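Report on one structure; see the data block that follows.
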Amino acid sequence: MDDLWGEACATLETSVGPNNFNHWIKPLRLTGLESGIAHFVSPTRFISDWVNRHFAKDIIGVLSRPGQPVERLRFDVVPQAAPGRARSAASGSAASVRPVASAAAPATTRALRADLGAPLDPRYTFGNFVVGKPNELAHAAARRVAEGGPVGFNPLFLYGGVGLGKTHLMHAIAHDYQMRHPAAQVLYLSAEQFMYRFVQALRESTIMDFKGMFRNVNMLMVDDVQFIAGKDSTQEEFFHTFNALVDQGKQIVISADRAPAEIKGLEERIKSRLSCGLIVDLHPTTYELRLGILQSKTEGFRAQQPDLQIGTGVLEFLAHRITTNVRVLEGALQRLFAHASLLRREITLEVAQECLADILRTNDRKISIDDIQRKVAEHYNIRLADMVGPKRARNIARPRQIAMYLSKQLTSRSLPEIGRRFGGRDHTTIMHGIRKIEELLSEDKAIAEDVAMLKRLLEA
Ligand code: ADP
Ligand code: MG
């Protein structure tokens, strides 16, 4: 079987390309071939699903023989025992406190990480990351960076609202990269920790050591970099570290809650350096992505608790009703599972509604026209009074129209109601404003980005 698969792999590598091959097909093992079904063992469900969707035809093609066609692929998921691949859903709690890469990393790396960096969450792997439209670009970029080599995405800048998977992706890059390059020094920390270490080094007069340690890493990852905005000497130090590493061709990965240009109090030269690489954003989740995440987490849980019973429509209900972010979605699911395993009851729609009443209520919280006007005024740095006032200058009128547009999109108010809240304007004026923005959305990239960001802020 191994020989047969070995041959097939050689052909597949050329047909799907080495990247795809290494990521998706190499982790598989062919275990049997009978009655037109090829049986595989896959380390994660994610890999087998992906392979089934994207490469089934190729695999079937190379495995079929005259008179012995292969028609389908079947996968058994067997998590690999190798360090770093163990899924926490299947492993004990001891594993979750140990940085996943540490077993494979040399002592110096471990020392460095213990000293400077933050531990990596072993659950945050690519295998556990559900890919959908809103995050597919960020995921693809993260995968590419994790491969190492001359990618040209330096820095990789990931941004997006709270709980959309930035930290998860960064840890996944670190795990994956460390596994491919066991001797490399990967340093992950939050911008807050960066500042803390920096201040500590200043206080203890160990700033040269501090600089030296940062300059020696192969990959530096700084999470939530918006935190250092306005903190001048930390920014300065960050800038130098950043430049030194980029000049040496070391990979940098940064995350923030918004695009570099939108981070107030961040120096211009840093913004422009940050913008040199690849900037990708994680969009707010869609129903499909939320459902995918719920299904994947449920499956993980079921591996531990095979008798878990979830009624039909429960996951769909949650995906529909909990739209804020993935963290809240996960929390809801965890509570449901705990409930189910304590009471040994099937989770029906009624149980879910009762058990999650508080979460469902806050998710129902309506966005108000007030919120919208305030956020938009703040963003464009105009006075709140100008939102409802008579000024017609473009720099006032445009933000006002954006606020009208968002009011229509994000609230259930009618045009006349919106008109009243914008200083008693006529509903035709509101309609005109909304149309104008709709037009601009397709013509003017800056406006489209502003609107997307404001929407994200309001919905967060
Ligand atoms: P952020 O850093 O953007 O605020 P996190 O990476 O901390 O968000 O994600 C919040 C939680 O949601 C984490 O537990 C993470 O594992 C989970 N999560 C987010 N996106 C996904 C995804 N696409 N697939 C699986 N889990 C996800
Ligand atoms: Mg985060």
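The values are calculated or read from the model by the stated rules, or taken from the named source; none is laboratory data. The structure displayed is predicted, hence computed values, not measured ones. When we count neighbours, we look across all protein chains shown, and the Cβ atoms used for this are built from the backbone with ideal geometry, even at glycine.
What are the pairs with Cβ atoms under 6 angstrom where one residue, in segment 253-267, is touching a residue at least 40 places away in the same chain (Cβ under 8 Å) and the other, located anywhere, is of a type in the set (Asp, Glu)? Sequence gap at least six, or different chains.
Ser255/Asp223
Given the conditions (1) within 13 Å of ligand 1 (Cβ to nearest atom); (2) free of Cβ contacts under 8 Å to residues at least 60 places away in the same chain; (3) assigned to a loop (DSSP other than H, G, I, E, B), which single one is not true for His168?
Result: His168 fails condition (3) only.
From the residues in segment 173-203 that are without any contact (Cβ under 8 Å) to a residue 60 or more places away in the chain and small (Gly, Ala, Ser), which one is farthest from Met213 (Cα to Cα)?
Ala191
In the list Ala385, Ala393, Ala338, Ala352, which residue meets the criterion of being surrounded by fewer than 12 Cβ atoms within 10 Å (Cβ to Cβ), closer than 30 Å to Leu315 by Cβ, of a type outside the set (Val, Ile, Thr) and at pLDDT below 95?
Ala338
Might you let me know whether segment 193-207 holds any residue that is within 16 Å of ligand 2 (Cβ to nearest atom) and modelled with pLDDT of 95 or more?
Taking every residue of segment 193-207 in turn, none turns out to be within 16 Å of ligand 2 (Cβ to nearest atom) and modelled with pLDDT of 95 or more.
Report, ordered by the first and then the second residue, all pairs with beta carbons closer than 9 Å, sequence separation of six or more or different chains, a first member in segment 432-458 that is modelled with pLDDT of 95 or more and surrounded by 14 or more Cβ atoms within 10 Å (Cβ to Cβ), and a second member that is hydrophobic (A, V, I, L, M, F, W, C) and not in a helix (DSSP H, G or I).
Here the result reads Gly433/Phe422, each pair linking segment 432-458 to a residue that is hydrophobic (A, V, I, L, M, F, W, C) and not in a helix (DSSP H, G or I).
With the checklist (1) in a helix (DSSP H, G or I); (2) among the charged types (D, E, K, R); (3) farther than 21 Å from Pro284 by Cβ in hand, flag the one item Arg425 doesn't pass.
(1)
State all residues of segment 298-342 that are of a type in the set (Ser, Thr, Tyr) and part of a helix (DSSP H, G or I); if no residue qualifies, say none.
If the condition is that a residue be of a type in the set (Ser, Thr, Tyr) and part of a helix (DSSP H, G or I), then Thr298, Ser341 are the ones that fit.
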